[in-house]
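K.L.:
The structure under discussion is supplied below as structure tokens; questions concerning it will follow.
The values are calculated or read from the model by the stated rules, or taken from the named source; none is laboratory data. Not measured: the values here are computed from a predicted model. Positions of Cβ are backbone-derived with ideal geometry, glycine not excepted, and every protein chain shown enters the neighbour counts. Side chains included, ligands, DNA and RNA excluded: accessible areas come from the protein's heavy atoms. Shrake-Rupley method; radii C 1.70, N 1.55, O 1.52, S 1.80 Å.
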Amino acid sequence: MSWCVAPLLAFLFLLVPAVGAPLDIQAVNDARWTERPTGKGRIAPIMIKTQVLLDRARFSPGEIDGKPGENVSKALTAFAGHLGLSPTGQLTEEAWQKLVSISSEPVLIEYTISDEDVRGPFVQNIPKRLELMKDLPALSYTSAREKIAEKFHMSQELLQTLNPGKKFDTAGQKIVVTNVAMDDLPARAARIEVDKSAKVLKVFGGNQRLLAVYPATVGSEEKPAPSGQLTVTGVSKNPTYRYNPKYEFKGVRTTEPFTIKPGPNNPVGVVWIGLSREGYGIHGTSDPSKVSKTESHGCIRLTNWDALSLASVTSKGTIVNFSGGEQADRAADQQARRRK
């Protein structure tokens, strides 16, 4: 298996919610649509609520951080387009009304930290270089905070902001978390569509039913994702990562193969969905904040929770269609011809 793989004032500014709006359960759960835009890089009640509602509707915003951004815009575009609304990528009043009509459950809830949440072992530090990861006994979470944040599809910053002063290391402690979708998708996947240009993965069931939309990191100019149609060859949870030196990844300074133990901080995360082209797959990630915002070594990278959701309805033989990305494909062809 291969990996496709301030100052104090500035810091405080990032933690401040929308002007005049306290960031607590009631403020978020009661948030209403407003024309006033949310400041870039700022956590706001309306954006937390929007992201949670999109997550529940299976139009994933990726990591829920309470801020406007690229992945929220993608989710809103897909959501509006699916309902026949204008797909502007913005939170319009019409899209907001459709979102809030889907579920009346609160978007923030109180949660009691469990023994499992704080149970390690945790890894103190994850090396940045792949070849240094091979000596770790497991690529576990680095803290209970990271583990809990991922469980509720949240950024660690948002989790900490909602729970000031909490350390998340004691079972029985009550905290505030997002009330996200925890159940499986409603049907098996008949096909998967990967749009390389939009960096979006869509899952369809029978009768062209759209089951889910996820933001995705999809290849790079150096090594684009595949084109055309492939099929799923298998699904593996908690995979071991095996580095093949023939892929010559940048930054890897060894010519010898090696393996990296399983875990959520494994380079391919907690799931590997193999595809019918050697070295390519759909997988999770150790850094959900970067999904669709960085490049991969040809594969399709999702957040760990989105990858698990997809894996729950995918099996050997599921069709995976790739579209878009023609410019990257042409660049790769030119590079290949030059190497010859």
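K.L.:
Report the number of Lys pairs in region 92-214 whose alpha-carbons are under 25 Å apart, with separation of 8 or more residues or on distinct chains.
P.N.:
15
K.L.:
At 1.4 Å probe size, with the rest of the protein present, what percent of the exposed accessible area of region 56-122 is carbon and sulfur atoms?
P.N.:
For region 56-122, the apolar C and S fraction of the accessible surface comes to 48 percent.
K.L.:
Might you report the magnitude of the Cβ-based charge dipole of the chain about its Cα centre, with Lys and Arg at +1 and Asp and Glu at -1, to the nearest 20 debye?
P.N.:
In total the dipole reaches around 940 debye.
K.L.:
Tell me the trypsin sites (Lys or Arg not before Pro) within region 35-81 that lie in a loop according to DSSP and have at most 11 other beta-carbon atoms within 10 Å.
P.N.:
Qualifying residues, ordered by number: LYS40.
K.L.:
Between the DSSP loop rule and a limit of at most 12 other Cβ atoms within 10 Å, which GluC sites (Glu not before Pro) in region 211-273 are left?
P.N.:
Sites meeting the loop and neighbour criteria: GLU248.
K.L.:
Which one of LEU230, ILE260, PHE249 is farthest out on the positive end of the charge dipole of region 165-303, using unit charges on Cβ (Lys, Arg +1; Asp, Glu -1) and the Cα centre as origin?
P.N.:
Positive-most Cα among the choices belongs to ILE260.
K.L.:
A follow-up question, please. What part of the accessible area of region 159-204, given as a whole %, is carbon or sulfur when the probe is 1.4 angstrom?
P.N.:
Carbon-and-sulfur percentage of accessible area, whole number: 51.
K.L.:
Hey, another quick one. Kindly provide the GluC sites (Glu not before Pro) of region 140-192 that DSSP labels as loop, not H, G, I, E or B, and whose Cβ sees at most 15 other Cβ atoms within 10 Å.
P.N.:
none
K.L.:
Report, in deg cm²/dmol and to the nearest 500, the calculated mean residue ellipticity at 222 nm for the chain, where each DSSP H run with n ≥ 4 adds -39500 (n - 2.57) and the sum is divided by the residue count.
P.N.:
After summing the helix terms and dividing by residue count, I get -7500 deg cm²/dmol.
K.L.:
Give, rounded to the nearest 20 debye, the magnitude of the charge dipole that region 188-248 has about its Cα centre when Lys and Arg contribute +1 at Cβ and Asp and Glu contribute -1 at Cβ. Numbers along the way, then the final one.
P.N.:
On the way: 10 positive and 5 negative charges, 63 e Å.
Around 300 debye, computed over region 188-248.
K.L.:
Right, here's the next one. Calculate one ³J(HN,Hα) per residue across region 111-126 by plugging θ = phi - 60° into the Karplus curve 6.51 cos²θ - 1.76 cosθ + 1.60, and present them in order as whole Hz with x for glycine and proline.
P.N.:
Couplings: 9, 9, 4, 9, 4, 5, 4, 9, 6, x, x, 9, 9, 5, 8, 9 Hz.
K.L.:
On the full set of protein chains, 1.4 Å probe, figure out the accessible area of ILE25 and give it in Å² to the nearest 10.
P.N.:
60 Å²
K.L.:
Leaving out ligands and nucleic acids, note down the accessible area per residue over the chain with a 1.4 angstrom probe, in whole Å².
P.N.:
About 48 Å² of surface per residue is accessible.
K.L.:
Next up: Can you list residues from other chains, or at least 5 along the same chain, whose modelled amide H is less than 5 Å from the amide H of TYR280?
P.N.:
Here the answer is LEU275, since their amide H atoms fall under 5 Å of that of TYR280.
K.L.:
What size of dipole, in debye to the nearest 20, comes out for region 33-188 about its Cα centre when the only charges are +1 on Lys and Arg C-beta atoms and -1 on Asp and Glu C-beta atoms?
P.N.:
280 debye
K.L.:
For region 123-147 and region 196-265, what is the separation of their C-alpha centers, rounded to whole Å?
P.N.:
20 Å
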